[in-house]
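Encoded as C-alpha cells, the structure appears first; notes follow it.
Each value in this text was obtained by applying a stated rule to the coordinates, not by laboratory testing. Note that the structure is a prediction, hence the values are computed from the model and not measured. Glycine also receives a Cβ, built like all others from the backbone with ideal geometry; neighbour counts cover every protein chain displayed.
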Amino acid sequence: MSKPLMIALRPVSYPVRIMAAILACVSLSIITSFMEYVPVAERLENTYYYPLWYSVVIIMLIHLAIAALLIIPLSFLTDAVSVSIAQRFNGTALKLVSVAAGYVLLAGASGMLFSVFMYRGDVSLYAGAIRQMVMITFMFAGWKIVLGAGFRWLRNRRRALV
C-alpha cells in the first residue's frame, strides 16, 4: 500500500473514470451547444444553422475523443502524483490543495498537448482550445469525485445490509 499509484487507483476504479469522462463530455456538450444555439427569431436569412441535436452530438464526439486520448490516461498520472504529495502533508486543507493543483496541472498539460498536436503549438492563437480543456478537466474531476463517493456509499450500504 505504500506505492502512490496503487493508492490512487484503489479509490476510483477505471470504470468510474470512464463513466466520469462520458458524463463530463455529455454535460459539457449540452452546455456548449446551448451557449452557441441561435434561436429561430434571431437567425439570418439565407444562412443554414445546424439543429441543436446535431451540435450536441458533434461536440460530444470531439470531447469524447479528447477525454479518451488525453484526460483519462493523464488522470492516472495526476492521481498518483497528487496522492504521493498529499501523503506528505498533515492537514486536510493541504491535501485538498495538492489534489486541486494536480488537476490544474492536468488541465494545463492536456491543453498544451492538444494545442501542439492540433494547432502545431500556436497556443496564443487558439486560446479557446485551452479553455475547453480546462473546463472538461474540471468537469471530469467533479464527476469522478461524485461517482467515486456514490459507488463507495453503495458498497458500504450493501455491506451494512448483509
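A few notes on this one:
- Remark: the Ala101-Ile30 segment gains 22.9 nm on full extension, using 0.36 nm per residue and subtracting the alpha carbon distance.
- Inter-label distance for Phe151 and Tyr37, nm, one decimal - labels placed 7 Å from Cα along Cα-to-Cβ: 3.2
- Listed peptides 145-153, 54-62 by packing density, highest first (mean Cβ within 10 Å): 54-62, 145-153
- Estimated at 0.36 nm per residue, the fully extended path between Leu52 and Ile18 surpasses their Cα-Cα distance by 9.7 nm.
- If R0 is taken as 45 Å, the Cβ-Cβ distance between Val116 and Val162 corresponds to a FRET efficiency of 0.30.
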